[in-house]
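Working notes, structure below.
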Amino acid sequence: MTSLEVEVGGLKLKLPFMQASGILGGNPEALEIVAKGDVGALVTKSITPRPRKGNDPPIIIETECGYVNAVGLSNPGKEAIPKLVDVGKKYGLPVIVSVAGTNEEEFAEVAWMAEDSGASAVELNLSCPHAKGMGLEIGMDLSLSSEIVRTVTTTTKIPVFVKLGYMDSLVNTASKLLELGVDALVLINTVRAMKVDIYALKPVLTNKVGGLSGRAIKPIAVRAIYEVYKELRAPIIGVGGISKWQDVVEFMLVGARAVQVGSALIEKGIEVFSELKAGLLHWMQEMEYKNIDEFVGIAVD
Amino acid sequence: MTSLEVEVGGLKLKLPFMQASGILGGNPEALEIVAKGDVGALVTKSITPRPRKGNDPPIIIETECGYVNAVGLSNPGKEAIPKLVDVGKKYGLPVIVSVAGTNEEEFAEVAWMAEDSGASAVELNLSCPHAKGMGLEIGMDLSLSSEIVRTVTTTTKIPVFVKLGYMDSLVNTASKLLELGVDALVLINTVRAMKVDIYALKPVLTNKVGGLSGRAIKPIAVRAIYEVYKELRAPIIGVGGISKWQDVVEFMLVGARAVQVGSALIEKGIEVFSELKAGLLHWMQEMEYKNIDEFVGIAVD
Amino acid sequence: MKYEYKISGVLRKRKLNKYVYEIYVKWAEKPPVGTFFMVWLPGFEAIPLSVADWDKGALKFLVQIRGQTTKALYSAEKVGLMGPLGREAPRPSSKPTLIAGGIGVAPLLYMRREWGGKLIYGARNSEMLIPLDELGGEVIVATEDGSKGIKGTVIDAFKENLAKSDIYSCGPLPMMRALGEMARSMGLRGYGSTEVPVKCGMGICGACAIAGRLLCKEPWIPLHLF
Amino acid sequence: MKYEYKISGVLRKRKLNKYVYEIYVKWAEKPPVGTFFMVWLPGFEAIPLSVADWDKGALKFLVQIRGQTTKALYSAEKVGLMGPLGREAPRPSSKPTLIAGGIGVAPLLYMRREWGGKLIYGARNSEMLIPLDELGGEVIVATEDGSKGIKGTVIDAFKENLAKSDIYSCGPLPMMRALGEMARSMGLRGYGSTEVPVKCGMGICGACAIAGRLLCKEPWIPLHLF
């Protein structure tokens, strides 16, 4: 029997698929739509201690091969976490609470609420490319990101994941954060990008700069995961431009144990997960793999 | 009359188009193919003091929206420069010699040969993502890149351009190098990426990691140029995923005075330049611009 | 590319009352009934606007003045349009009954033009109604203060003119919830829509989730789900 | 995507002489005459190989052993194929004369099968020839040491069997230059190709530039340009 079960960073997943943070994860109604799909876990929007309105639209715009978004970490604040976690309980799915903030206190505050609400893991967003003083700015600041990770890992019992983006020091930062107790890495976030309208003569997004997602960034994500896995052999959840089952395989071959999907939901809806599942299973059978562990990272020497 | 003439970093161009370094620029036969197109300058392959074989094929592979390449700076060495520059003389086009190396002596050696051969400018490649000890590794090392730039700008009279890539410190590095006498920035190089074959179970490129080019990286390039222009108002030659005239306009609106085209030549050949020229002219007429200076950077506030 | 803004010229605008104006924007293709556009005013923001009409290459939107963007939009010469978004509303089997609360009248005007039917239209007071003489056809009006038509809510007016099927309604969420309750208890059949914060328009941010649906993908949902 | 490798099974291989072997690889679609593939041996490199034949879903390539990759390829069970690259060779107006120097015989075998015609085939010595009895049709052979056929170069053999048009030739660059000289002085009409370092296969690296053309895009160029 071919199995798609996998364990990553202390989390057992029946299916190696989940939606990327930010996708349909800010309210229970939306999260429930995902829960009905072929996913192994649910991921919330990045939650800050207090609600954030985020940016005014346009918050996302299509490009020739992907999307540029600057949602601006809009979220309902930590008080909304219990209801989000309840969706997972209802559907028997682990919930990963994505956490954002500006310093270790804020991250810890939200992580504690996640743990107390029964979340299965937290994913610290140290790589959002379009929120001032948060995200990528923290990821690029090793002492601050270390402080945040140290605070969260020492004060929570559930697995702690860290989501990092494309940056110069990715391997080094990942290594340090793993030493501080991070259970798995989520790689990669969107890549800083922009679209300008040539008749309006202005950037399209209200925030001007955003993050590029979708097929465009897939080869960038594959390389980032490859480099990190090669050096650190760490548990990795891959994300970045996955839209077909072949992409899932590619991510796993360079070290991802599970994957998250974002932009592909725009074109395919949650049915994309069924498509990924069928394709991955078929490929495993063709290649005579019984489970995912057999081929994670084998393209890395 | 609508004019496409533009001046960038001390170089007067009749047309704001040129091919990106690496494209058909390693031998006079190839360079001559480009010279017949609607270009305002010719750019050579990155030249090192001595010839380099580069990587064995596969050196480039298509992805869903672009290409990943690791040519490995194959080039005929500095002795080949005079014959490359001669092509420009024959066609009345300025030749920009792209220069690569591992330290200031190597860069200077090639730059001197370029100057002595009658090249119109040099473009220091501080951002090749797939040659060990060269390119991006130098760009990320501010003291080494400063030393290289200082050596070249103080010992050559022709304009010195610097080609930088997507990196954390792009704006800061660009600022320092401009202070050291750089005449224009060429932004951006390809972005580190990889493609894995899911049946061969291996990275496709012999070099494993390469650089992503083509439509995928266009929004990344636009944002990089935007950020640099916003902070520094520097002369910029834009490059990264341009395949249609609308892209040229987009790059110019965020600060590029001229553009380079690479991957689009794969699909469209050198005719791409005629297409860009016709489209840009048409748009300028529609928007009632008489020359490029009127709209460079106007989407940046 | 489906999800990009196309800059288009504003052809005409006209105040309909103190709070609402209509704006015509160039758009070559007739959009399906029940769809909407994200309308971007460069330098300001983008807002979701239902198609209120389409004729001879011009889209009509009704805009309720609420803030900077809706104020500035009145003077705009060009806007960016992303759409049509959502999808065509399910077609009625006979002349529909259209129930509009306030600015929710906008998409129903387009339905009425395409499908005909009776319009039941309510607002807080007569000042908030758009000019009735331009609506044509059968219109039943209700105002909460009784300044025009039936005194009461649009639901009250609907109860007096009850239909069991082919109901299309758009209005504030409490009104829609009331209709949902009626649908469940009385077996009314029809579809409704309501104003929700549409932020992405592509079905991924989840801001517009209601009743397990994403309104930006499926703006017209069965009444009994409200 | 045109420029990607498709992993395909090796069906059969066979040594043709000490230096050359043939290899059959699964490939469903008949490639145009005169095209080539980049053949990738994962873990080694990719090399350009002309289509020597295609029949019943199998491509045939001739491989000259030169280094690690060409040695290892003989034992490969799977290879990656990118192609067909280049473009169809211009068709002849009558039976062509095919002039092959060494491994340059490969693309001409496919032309011969498709178009027929006389093959003039030369090598340094008889050991370097592929088995002649399998070539069928009219074959004129030349070896530089006279160990088989006419003693002399393939150019010498061609001069004895001169044709003025519909010439297709492939061989080392000096041989092609000699034919180019003949074409210019004697007005021969035809096309030639030669082995060049194809690195990208997409027409952008420029490694294969010759006579102002990129051979990876246009493998068959008029003889007089050599």
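Below, the figures for the structure above:
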quantity: Reach of A:LYS36 by Cα under 13 Å, taken over aspartates and glutamates that are not fewer than 8 positions away in the same chain; calculated: A:GLU271
quantity: Proximal lysines to C:LYS26, defined as alpha-carbon separation beneath 22 angstrom and excluding residues fewer than eight positions away on the same chain; calculated: A:LYS202, C:LYS2, C:LYS6, C:LYS13, C:LYS15, C:LYS56, C:LYS60, C:LYS71, C:LYS78
quantity: Accessible-area composition of the protein assembly as shown, carbon plus sulfur, in percent [1.4 Å probe]; calculated: 50
quantity: Rounded if a/c under 1.5, otherwise prolate or oblate - region B:132-290, Cα gyration tensor axes; calculated: oblate
quantity: Total accessible area lost when A and B pair, probe 1.4 Å, Å² to nearest 100; calculated: 4100
quantity: √(5λ) per eigenvalue of the Cα gyration tensor, region C:6-85, largest first, Å; calculated: 18, 14, 12
quantity: Per-selection Kirkwood Rh - chain A (Cα, Å, 1 d.p.); calculated: 18.8
quantity: Accessible area expressed per residue, region C:6-85, with surrounding protein chains retained (probe 1.4 Å, Å²); calculated: 43
quantity: Within 10 Å of each Cβ in B:70-80, the average number of Cβ atoms from other chains; calculated: 1
quantity: Protection proxy ranking of A:36-49, B:167-180 - average other beta-carbon atoms within 10 Å, highest first; calculated: A:36-49, B:167-180
quantity: Percent of alpha-carbon pairs separated by more than 19 Å within region C:97-225; calculated: 47
quantity: Cα convex hull volume per residue for region C:4-154 (Å³); calculated: 107
quantity: With DNA, RNA and ligands ignored, accessible area of A:LYS208 (1.4 Å probe; Å², nearest 10); calculated: 60
quantity: Fraction of beta bridges assigned by DSSP in the protein assembly as shown that are antiparallel (%, nearest 5); calculated: 50
quantity: Mean residue ellipticity (222 nm) of chain A, computed from DSSP H runs ≥ 4 via -39,500 (n - 2.57), nearest 500; calculated: -10500 deg cm²/dmol
quantity: Of B:LYS45/B:LYS90; B:LYS78/B:LYS208; B:LYS12/B:LYS90, those spanning more than 22 Å from alpha-carbon to alpha-carbon; calculated: B:LYS78/B:LYS208
quantity: Average beta carbon contacts from partner chains per residue of D:212-218, 10 Å cutoff; calculated: 2
quantity: Unit charges at the beta carbon, dipole of region D:97-225: most positive-side option, D:ALA178, D:GLY117, D:GLY149; calculated: D:ALA178
quantity: Share antiparallel - DSSP beta bridges, region D:97-225, percent rounded to 5; calculated: 15
quantity: Net charge over other residues, Cβ less than 11 angstrom from the Cβ of A:PHE161 (K, R count +1; D, E count -1); calculated: -1
quantity: Heavy atoms of D:TYR24 accessible to a 1.4 Å probe, total area in Å² rounded to 10; calculated: 50
quantity: Label distances, nm, B:ARG150 versus same residue in remaining copies, Cβ-directed 7 Å point; calculated: 3.6
quantity: Amide H contacts of A:ARG192 (H built 1.01 Å from N, under 5 Å, at least 5 apart or other chain); calculated: A:LEU212
quantity: Euclidean distance between Cα centres, region B:77-115 to region B:172-227, Å; calculated: 23
quantity: Pairwise centroid distance, computed over Cα atoms, of region C:174-226 with region C:54-77, Å; calculated: 24
quantity: Tensor-based shape of region B:7-83 (alpha-carbon gyration tensor, a/c under 1.5 rounded, otherwise prolate or oblate); calculated: oblate
quantity: Highest to lowest packing among D:175-188, C:212-225, scored as the average C-beta count within 10 Å; calculated: C:212-225, D:175-188
quantity: Mean Cβ neighbour count within 10 Å, used as a protection proxy, ranking A:120-131, A:193-204 highest first; calculated: A:120-131, A:193-204
quantity: Residue among D:LEU85, D:CYS208, D:LEU16 farthest towards the positive dipole end of chain D, charges placed on Cβ; calculated: D:LEU85
quantity: Interatomic Cα distance distribution for the protein assembly as shown, bins of 10 angstrom, percent; calculated: 2, 10, 17, 19, 18, 15, 9, 5, 2, 1, 0, 0
quantity: Partner chain coverage, peptide A:187-195 - average Cβ within 10 angstrom; calculated: 5
quantity: Shape of region A:66-121, Cα gyration tensor, a/c cut at 1.5; calculated: oblate
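The values are calculated or read from the model by the stated rules, or taken from the named source; none is laboratory data. As the structure is a prediction and not an experimental result, all values here were calculated from the model. With ideal geometry, Cβ positions are generated from the backbone for all residues, glycine too; neighbour counts draw on all protein chains shown. Keep in mind that these areas ignore ligands, DNA and RNA; they rest on the heavy atoms of the full protein, side chains included. Shrake-Rupley method; radii C 1.70, N 1.55, O 1.52, S 1.80 Å.
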